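Inspection log for the structure reproduced underneath, given as structure tokens.
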Amino acid sequence: MSTMSVKVHGMDLKLSKDMFLQIYKRMLEVRYFEEKVYELFGQNLIPGTIHLYLGEEATAAGIISALREDDYIQSTHRGHGHCAAKGAKLDRMMAEIMGKATGYCKGKGGSMHVTDFTKGILGATGVVGSGLPLAVGAGVSIKLRRTDQVVAVFFGEGASNQGTFHEALNLASVWKLPVIFVCENNLYAMGTRQSIAMVLNNVADRASAYGIPGVIADGNDVLDVYRLASEAVKRARKGEGPTLIECKTYRLKGHSRFDAAAYRPKEEVEEWIKRDAIKRMRDRLLDERIAKEDELKKIEDEVRQKVEEAAKFAKESPQPDPSTVTEGVYAD
Ligand SMILES: Cc1ncc(C[n+]2csc(CCOP(=O)(O)OP(=O)(O)O)c2C)c(N)n1
């Protein structure tokens, strides 16, 4: 298949047209899914709260596009985007978020616990920083089984101040585990700006303390994320150990649905809206003549349709039967 070359932050990136379009589609699935979740929450159809991934699509799509289907990911409390990008079924994910019996956890896990082992999604977690050691465990498992799989673990810059981050990087480095540490630096941990909680500007600099590469991606440029992720994956598959990739990005909404994010300057938000990852990739595909307007429109319509169907499935699904309340809660 013929490849096309583009310049990404001064570096050449060659991909097939299919791959360019697949990466674009992955971002759209995340964006449209999250917009739908936002809408359904507003209609009071989602219990609890939600942590939207809107604005950070390029990170999940760029990292996961560099993985194989049999690779693993470990997600966070802001996890819908990771799961959608790794191929989770949108209908079962939406049903789970709505607490329905047809959801991934039969409606008992909700927004922060979407998991699909068949897709290599090891789990999401509401405990900040707790995914990092789990990913190291997956890395150990890969090494013991002698496969060339890798595991990518997502976490925020806030989580990089937790002890688990440092323990995980250290052990993964010492044992040369195939772990890709992906810091989604969206500048805020709830309402706490990065500069209040750490002195360093770059989380990636912390990699040097563990003797592993630490690189910074433009987290709103999916191709930059993809390029750096591909290098990290190559290194991990060869048995050369982990990499820390810091993706500089921004969440477009508040921390959770109950946060109006009044602590963020208006100009800052506007600046990041201008760097919207989806618009940038769309413009690039057109400007570089990789795809035509009608091809992109067709993909966008298909994804919208898929998300509509997921929402319909979830809305029409039953609530879990009260008699099943203790099922799946404890091991037999
Ligand atoms: C161990 C733990 N401490 C505190 C919290 C409350 N909490 C939930 S999300 C969050 C901020 C996390 O920030 P970051 O890791 O940067 O991820 P982001 O939400 O920005 O994606 C906090 C403090 C928690 N869930 N778990």
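Read-outs: derived from the displayed coordinates by stated rules, not from any lab. Nothing here was measured: the structure is a model prediction, and the numbers come from that model. Cβ sites come from the backbone with ideal geometry, for glycine too, and all protein chains shown count toward neighbours.
Calculated [222 nm] ellipticity per residue, helices only, for the chain: -13500 deg cm²/dmol; basis is -39500 (n - 2.57) per DSSP H run with n ≥ 4, divided by all residues, nearest 500. For segment 66-152, a crude dipole built from +1 on the beta carbon of Lys and Arg and -1 on the beta carbon of Asp and Glu, taken about the Cα centre, is about 160 debye to the nearest 20.
Each of LEU28, SER65, LEU296 was placed along the dipole of the chain (beta-carbon charges, centred on the mean Cα), and the one lying farthest toward the positive end is SER65. Scaled against 2.2 N^0.38 Å for its residue count N, the alpha carbon radius of gyration of the chain is 0.96. Taking segment 1-142, how much of its Cα-Cα pair set, in percent, is spaced more than 20 angstrom apart? Across segment 1-142, Cα pairs with separations above 20 Å total 49 percent. Long hydrophobic helices in the chain, taken as whole DSSP H segments with a C-alpha length of 18 Å or more on their own axis and mean Kyte-Doolittle hydropathy at least -1.0: 17-42, 131-145, 222-237. Peptide packing for 55-62, 40-47, 320-327 was compared via the average number of neighbouring C-beta atoms within 10 Å per residue; ordered from the highest value, the list is 55-62, 40-47, 320-327. Each label was represented as a point 7 Å from its Cα along the Cα-to-Cβ direction; for ASP294 and LEU144 these points are 5.6 nm apart. Listing ARG146, ARG31, ARG193 from fewest to most neighbouring C-beta atoms within 10 Å gives ARG146, ARG193, ARG31. List, in the order given, every pair from LYS7/LYS86; LYS89/LYS315; LYS248/LYS274 whose Cα-Cα distance in the structure shown is over 20 Å. Over 20 Å Cα-Cα: LYS7/LYS86. The 3J(HN,Hα) values that the Karplus relation (6.51, -1.76, 1.60; θ = phi - 60°) gives for segment 242-252 are, in residue order, x, 9, 9, 10, 9, 9, 7, 8, 7, 8, 7 Hz. Gly and Pro appear as x. Residue exposure proxy: HIS255, HIS9, ordered by other Cβ atoms within 10 angstrom of their Cβ from fewest to most, comes out as HIS9, HIS255. Approximating the spin labels as points 7 Å out from Cα along Cα→Cβ, the ASP321-to-ARG68 distance works out to 4.2 nm. Once backbone amide H atoms are built at 1.01 Å from N, TYR72 has VAL150, VAL151, ALA152 as its partners under 5 Å, excluding neighbours fewer than 5 places away on the same chain.
Under the rule a/c < 1.5 gives rounded, and otherwise a/b versus b/c splits prolate from oblate, where does segment 158-215 land using the Cα gyration tensor?
Note, shape of segment 158-215 comes out prolate.
Counting only lysines at least 8 places from LYS143 when in the same chain, those with an alpha carbon closer than 17 Å to its own are LYS176, LYS234, LYS238.
Each of LEU169, GLN319, TYR250 was scored by the projection of its Cα onto the charge dipole of the chain, and the greatest displacement toward the positive side belongs to LEU169; charges sit on the C-beta of Lys, Arg, Asp and Glu. Taking every DSSP bridge with both residues inside the chain, close to 30 percent are antiparallel. The mean sequence distance of close C-alpha pairs (under 8 Å, at least 6 residues apart), as a share of the length of segment 1-145, puts its relative contact order at 19 percent. Dipole magnitude for the chain: about 460 debye, using +1 per Lys or Arg Cβ and -1 per Asp or Glu Cβ, origin at the Cα centre. Please state the charge dipole magnitude for segment 183-332, taken about the Cα centre, from unit charges on C-beta atoms (+1 on K and R, -1 on D and E), reported in debye and rounded to the nearest 20. Taking the Cα centre of segment 183-332 as origin, the dipole is about 360 debye. Listed from fewest to most Cβ neighbours within 10 Å, the set PHE33, PHE20 follows the order PHE20, PHE33.
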